[in-house]
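Engineer: This structure is in structure tokens; I'll ask about it shortly.
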Amino acid sequence: MKLFICLECQDVVRLIDKKRKCQCGKCWGMYEDEIFATYHGPAVPLGFNNTSLVWAINNQPVSGKGKMFEAFVIPEKCSTFRKNAPKKKGRKKSKTKKPTAQEKKDAKALKLGAMMDEASASAELTKFYSHGKSDE
Ligand SMILES: [Zn+2]
């Protein structure tokens, strides 16, 4: 079975066919199909050897030492369990520069201008349609 450990909150999450997040929410993963799985965020992929785990469960000691089973850290390059960084959108963040008084004025004028254009355009349309109707 495939799991991941979040390096931020140390939560270990077993993957299922739906998105599952760790406690802090920075990592998540899921099975894309029966074999192929992806994980996202600052996580390390883990694997449990199913046979070994089932055997350990079936041989659970009543007391004393715990029964060991095989768990492993999955290599960085693994064809069935891949790190898939969240898709970054190609748009740049606009600089958070404060606009000057003149820029504010210009923006306001532009906004007003656009509103005026819209108003006149809709007036034109109204004229056009009412004209067309009156011709019928
Ligand atoms: Zn986390």
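Engineer: Would you pick out the residues in the range 32-60 that are among the small types (Gly, Ala, Ser) and within 16 Å of the ligand (Cβ to nearest atom)?
Structural biologist: Gly41, Ala43 - these are the residues of the range 32-60 that are among the small types (Gly, Ala, Ser) and within 16 Å of the ligand (Cβ to nearest atom).
Engineer: How about the range 30-70: which of its residues are more than 14 Å from Lys18 (Cα to Cα) and charged (D, E, K, R)?
Structural biologist: Selection gives Lys65, Lys67, Glu70.
Engineer: Kindly indicate the residue of the range 1-26 that is within 11 Å of the ligand (Cβ to nearest atom), assigned to a strand (DSSP E or B) and among the aliphatic types (A, V, I, L, M) and also nearest to Glu76 (Cα to Cα) among those meeting that condition.
Structural biologist: Filtering the range 1-26 for residues that are within 11 Å of the ligand (Cβ to nearest atom), assigned to a strand (DSSP E or B) and among the aliphatic types (A, V, I, L, M), the one nearest to Glu76 (Cα to Cα) comes out as Ile5.
Engineer: In addition: Taking the range 49-66 as the region of interest, how many residues are without any contact (Cβ under 8 Å) to a residue 12 or more places away in the chain and either in contact with a strand residue (DSSP E or B) (Cβ under 9 Å, 6 or more places away or on another chain) or not aliphatic (A, V, I, L, M) (or both)?
Structural biologist: 9
Engineer: Just to be sure, is Gly29 closer than 20 Å to Ala71 by Cβ, within 14 Å of the ligand (Cβ to nearest atom) and in a strand (DSSP E or B)?
Structural biologist: So Gly29 passes the test.
Engineer: While we're on this one: Do any residues in the range 8-30 that are in contact (Cβ under 8 Å) with a residue 24 or more places away in the chain and over 12 Å from Val44 (Cβ atoms) have Cβ atoms under 7 Å from those of residues that are away from the ligand (no atom under 11 Å from the Cβ) and hydrophobic (A, V, I, L, M, F, W, C), where the two are at least six apart or on different chains, and which pairs are they?
Structural biologist: These pairs meet every condition: Leu15/Leu3; Leu15/Met30; Leu15/Ala37.
Just so you know, all these numbers are worked out from the coordinates, no wet-lab data involved. The shown structure was predicted, so the numbers you read here are calculated from the model rather than taken from an experiment. In this analysis, Cβ positions are derived from the backbone assuming ideal geometry, glycine residues included, and neighbour counts consider all displayed protein chains.
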